[in-house]
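J.: One structure coming up, written as structure tokens, with questions to follow.
The values are calculated or read from the model by the stated rules, or taken from the named source; none is laboratory data. Since we're looking at a predicted model, the values are computed, not measured. Backbone-built Cβ (ideal geometry, glycine too); neighbour counts: all protein chains shown.
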Amino acid sequence: MAILVTGGLGYIGSHTVVELLNNNFEVVIVDDLSNSEKFILKNIEEITGKKPDFYPFDLKRKELLTQVFDAYSIEGCINFAAYKAVGESQERPVDYYENNLFSLINILQEFKTRELSNFIFSSSCTVYGQADEMPIDENTPLKMPESVYGKTKQMGEEILIDFAKAYNRKISLLRYFNPIGAHPSAKLGELPIGIPNNLVPYVMQTAAGIREKLSVWGDDYPTVDGTAVRDYIYVVDLAKAHVAALKSLMSKESDKATIDIYNLGTGKGSSVLEVVKAFETANNVEVPYKICDRREGDITIAYANPNKAEKELNWKSETSLEEALRTTWEWQKYLESRNN
Ligand code: NAD
Ligand code: WQD
């Protein structure tokens, strides 16, 4: 019995594969390496002492996916595979809809015909848009996201809810807040491909001298110091939540629809400048920055109420912002050592 992990060599996927292997799950990875690299597989093996089976193909290639389902007895899937760059999604909407939705539908076709259940979907706090009240719990009304990327997440959720209801299957929608940090071994982390859009990779590269200065997008928000606030969750804590969600899903009755939805965050908001300061303190380095205009499409504030996950999954985030940012810096040093 195996768990199919799509996008399992990516940032969150690779950390989750480690946690699954540590919990004695058999793991099969499908990843087309469109945003990841093969050395991550070797590093997963170094960390866990186990080598998951790996198939490097695009999930849109239905015939190859069918072969994987033929070859294994799949007892669940965690579907990380997706394109995730918000800006790029506005420029290449058709590619984003195609990749993020066709991949999902191809897997669901296999699940449907083979009577499989236990499907976990990587969703995002972006489905809430700018919520009217903080913290954001699972009953907070959804708002159609502005970005194409965000829309693929909201549409993915809808598709899965219909799937669960129509065929009596068990699904879990995990809405991540802002994942950060790297594995404590420094062998897994977020691969910086091109100029980072997200805050922490940009901070990391600025501290390393790869970027001259961080642009802080706006200091006139109604927040503690005028900069926007997010809920930064450590990636290993997030990975552990997947194992908890999977075990919970698998323990539930299989003859009726289950739709589990969890917000995965720390419950604490941090401003952009608080992140910069925490990075400097944790690593004893400087992060030069300049204040710029607001970034289009940004929201002011978002942080989770993670109580439902704590109560039902017995999971909560444990790692401090500084500790997470310390692992980020170790990862940067590891990447530098690989380049030398
Ligand atoms: P990532 O890009 O590091 O990982 C995604 C992986 O999927 C990559 O390894 C990529 O090569 C692979 N992939 C993409 N399309 C594929 C396809 N058609 N076939 C096979 N493999 C494919 O991203 P991540 O940060 O690990 O995010 C994982 C998931 O979590 C994504 O669905 C993302 O939308 C979601 N998410 C991420 C964040 C975040 O800030 N990182 C926040 C909320 C939700
Ligand atoms: C965080 C804060 C920026 C870069 C995005 C996606 C969302 C989700 C997470 C997947 C904001 C500020 C950033 C920089 C800055 N992904 N910032 N200078 O905006 O919360 O969300 O990633 O689902 O869908 O939209 O994350 O890391 O881009 O930004 O000042 O160079 O840092 O303005 O306030 P965000 P982020």
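J.: For region 50-127, give me every one of the strands (runs of 3 or more DSSP E) that falls completely inside it and has 2 or more residues that are more than 20 Å from Leu33 (Cβ to Cβ) and more than 16 Å from ligand 2 (Cβ to nearest atom). Break it down into steps so the answer makes sense when it comes.
T.: On the way: elements: 53-55, 74-79, 119-124.
Of the strands (runs of 3 or more DSSP E) lying wholly inside region 50-127, those with at least 2 residues that are more than 20 Å from Leu33 (Cβ to Cβ) and more than 16 Å from ligand 2 (Cβ to nearest atom) span 74-79.
J.: Take Ala302 and decide whether it is small (Gly, Ala, Ser) and within 19 Å of the chain's Cα centre (by Cα). Working first, answer last.
T.: Values: small (Gly, Ala, Ser): yes; within 19 Å of the chain's Cα centre (by Cα): yes.
So Ala302 fits the description; yes.
J.: So which of Pro141, Pro145 ends up being in a loop (DSSP other than H, G, I, E, B), at pLDDT below 95 and not small (Gly, Ala, Ser)? Working first, answer last.
T.: Numbers: Pro141 fails: at pLDDT below 95.
Being in a loop (DSSP other than H, G, I, E, B), at pLDDT below 95 and not small (Gly, Ala, Ser) holds for just one of Pro141, Pro145, which is Pro145.
J.: If we keep just the residues of region 208-231 that are touching a Pro at 6+ places or on another chain (Cβ under 9 Å) and touching a residue at least 24 places away in the same chain (Cβ under 8 Å), which is farthest from Gln130 (Cα to Cα)? Lay out the reasoning, then the answer.
T.: Going residue by residue through region 208-231, those that are touching a Pro at 6+ places or on another chain (Cβ under 9 Å) are 210-214, 231.
After this cut, where a residue has to be touching a residue at least 24 places away in the same chain (Cβ under 8 Å) as well, the list is 212-214, 231.
Details: Glu212: 31, Lys213: 28, Leu214: 24, Asp231: 13 Å.
Within region 208-231, the match that is farthest from Gln130 (Cα to Cα) is Glu212.
J.: Examine region 4-16 for a residue that is more than 22 Å from Leu174 (Cα to Cα), of a type in the set (Gly, Ala, Ser) and either touching an Asp or Glu at 6+ places or on another chain (Cβ under 8 Å) or free of Cβ contacts under 8 Å to residues at least 12 places away in the same chain (or both), and state whether such a residue exists. Don't jump to the end; show me each part of the working.
T.: Within region 4-16, the first condition is being more than 22 Å from Leu174 (Cα to Cα), and the residues that meet it are none.
Within region 4-16, none of the residues are more than 22 Å from Leu174 (Cα to Cα), of a type in the set (Gly, Ala, Ser) and either touching an Asp or Glu at 6+ places or on another chain (Cβ under 8 Å) or free of Cβ contacts under 8 Å to residues at least 12 places away in the same chain (or both).
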